[in-house]
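Reviewing the structure listed below.
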Amino acid sequence: MCNCCVSSVPPDSSYEAFAGPVRNWQAALTTGLDRSIRASDHNLGHIEEEIAHKTRELQRTIAQEAAQKKADDIPPTCPVCGAKLTRVTHGHERRIQTRFGPITITRSRGWCRKCKQWFYPADRALGIDDGGTASPAVQEMAALLGSKMPMSEASAVVKRLTGVDLPRPTLDREAKRQGKRAERTRDKMDEQMRTALGAQEQGQGDTGGPFTLVLEIDAWNIRERDDWGKTQRQRARGVEPERWHWVYAATCFRLEDRVRKADRAMILSRGTVMTRGGIEALKNQLWAEAMRHGLAHAARVIVIADGAVWIWNLVTDRFEKAIQRLDLFHAKEHLWTVARTLHPHDNPAAQAWVGPLLKDLERDQGHKVVAELEAVAKGKRGPMREAVAKEINYFGSNLHRMKYKDGDKLGEPLGSGAIESTCRQYQCRFKRPGQFWTREGDEALMCLETFWRNGRWHILFPHSLWDPSRN
Ligand SMILES: [Zn+2]
């Protein structure tokens with residue numbers, strides 16, 4: 001078909017691969033299967049291996065032919081502005097790594113007078129216009145594997161499972177490229193939420209009754225190779241290189257989506273935010289995520305977190321009407337710390353002291369806890385007095401956040417366990433022994449992981465929603 005014409009007839013539906021290559025595949029596979037059937041030491045695994053291996057070359061041939069047909073079918077118009085391209089030339093080769101192996105296609109190139117740029121319109125249509133060598137399916141593989149497991153393992157796993165040869169550097173580069181794309185997509189979506197239109201659209205689905213929105217906020221740290229190789233020089237100047245950095249985390253969900261199953265709380269639908277971009281980034285991302293979960297229409301919003309001051313500042317700034325709740329289990333842990341300081345070698349005594357205070361906490365009697373700590377502090381000196389004073393300050397400044405009775409009655413969470421367990425899950429990937437990240441790399445891969453968790457993977461990889469058996 002001529003590349004200069006807009007397609008008006010269906011593409012040629014005959015495939016060369018269905019003639020010779022299919023016959024060759026059938027013959028080779030039959031021989032291979034016969035061997036496995038007769039061999040006493042071969043089981044079904046060998047048969048599966050035989051089929052996968054022999055069929056892969058046929059799949060590759062078909063993929064190449066179909067990709068070429070699609071490329072030939074794309075009119076020479078600018079993929080950005082739609083104008084007709086000029087100075088069009090044909091036959092430009094490109095090699096692409098697909099899930100069935102490498103293929104080579106040729107396509108046309110043309111100049112857009114309006115955009116003042118060269119374009120290969122077929123690249124956009126095939127989803128390979130981001131400069132990499134990977135097909136969309138391989139881009140997805142790299143993204144999924146890179147965000148779930150160390151690259152060194154991922155390369156071997158993908159080779160074993162799919163036969164695709166993606167050396168570690170290629171996989172690494174591709175995963176990061178997809179992560180960067182995920183970041184740009186996330187920022188664009190968040191920006192849309194900030195516009196009036198986005199906020200309006202969010203309201204349309206909310207036809208149900210009043211609901212409670214729960215937000216939980218936390219942080220953990222990650223190790224990066226900042227100033228890598230300059231450690232000695234820095235130390236000589238008396239500067240200790242700082243390698244640990246905060247990753248800020250939050251989750252939001254509707255209370256009705258939190259159900260009890262076998263005595264464990266499960267959240268059926270929730271949004272996660274995870275960023276290395278600082279508190280400001282967390283604030284903006286969490287706000288957008290909360291809006292997606294109905295912030296604008298929630299009858300009651302509660303924020304649960306440990307005592308970190310930056311969290312409450314963020315909440316006051318961006319979620320001013322939210323009810324603030326100090327994580328009950330953190331608060332109890334603080335009391336236990338005092339108990340162990342007062343009775344370092346006497347567990348029963350520590351327990352006897354802390355027991356009634358734990359009950360006071362649960363009964364919204366935080367002021368009694370503060371009074372008891374103040375009484376204790378009076379009789380102490382030095383480090384012990386300081387330790388108790390620190391806790392008086394902690395409980396004193398959080399008194400208004402220690403109202404647990406109402407929350408308990410309403411079936412609300414009293415602790416921030418949901419976000420804490422999410423942080424632990426991210427740490428299983430991003431905080432392994434001996435692991436050092438770059439600021440760019442960790443944010444990109446965490447962003448991919450967050451798209452996956454938030455059920456938005458298809459926004460990055462639309463083909464993942466396509467179910468050929470249903471269409
Ligand atoms: Zn253009």
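Just so it is clear, none of the values below were taken in a lab; they were calculated from the coordinates. Remember, it's a predicted structure, so these values are computed and weren't measured experimentally. No Cβ is skipped: glycine too gets one built from the backbone with ideal geometry, and neighbour counts run over all protein chains shown.
A few points about this structure:
- Here the label points at residue 368 and residue 118, each 7 Å from Cα along the C-beta direction, are separated by 7.9 nm in the simple model.
- Principal-axis analysis of the Cα atoms of the chain puts helix 328-342 at an angle of about 50° to the longest axis.
- J(HN,Hα) series, segment 346-356, from Karplus relation 6.51 cos²θ - 1.76 cosθ + 1.60, nearest Hz, glycine and proline x: 9, 4, x, 5, 4, 5, 5, 6, 7, x, x
- Full extension of the chain between residue 466 and residue 29 gives 154.4 nm of extra length, using 0.36 nm per residue less the Cα-Cα distance.
- In the calculated pair-distance distribution of segment 350-433, the portion above 22 angstrom amounts to 45 percent of the Cα-Cα pairs.
- Extension gain for residue 280 to residue 352 (0.36 nm times residue separation, less C-alpha to C-alpha distance): 21.6 nm.
- Distance between the 7 Å Cα→Cβ label points at residue 47 and residue 130: 4.0 nm.
- Relative to its Kirkwood radius, the Cα radius of gyration of segment 208-256 gives an Rg/Rh of 1.42.
- If the segment from residue 256 to residue 221 were pulled out straight at 0.36 nm per residue, it would be longer than the present Cα-Cα gap by 9.5 nm.
- Cα coordinate range in segment 402-455, projected on the principal axes (Å, largest first): 45, 27, 16
- Here the simple spin-label model places points 7 Å from the Cα toward Cβ, and for residue 245 and residue 93 these points are separated by 4.2 nm.
- Taking a point 7 Å out from the Cα of residue 381 in the direction of its Cβ, none of the residues of segment 328-355 has a backbone N less than 11 Å from it.
- Tilt relative to the chain, helix 439-453 - C-alpha long axis, 0 to 90 degrees, to 10: 90 degrees
- With Cα atoms, 0 to 90° folded angle of helix 44-73 axis to the chain main axis: 70 degrees
- Size of segment 229-384 from its Cα atoms: along the principal axes, largest to smallest, the extents are 55, 51, 33 Å.
- The chain: C-alpha gyration tensor shape, a/c 1.5 cut-off, then a/b vs b/c: prolate
- Sequence-distant lysines (8 or more away, or on other chains) whose Cα lies within less than 16 Å of residue 116: 84
- Residue pairs, from the table 148/405; 69/176; 114/176; 368/409, whose Cα atoms sit over 28 Å apart: 148/405; 69/176; 114/176
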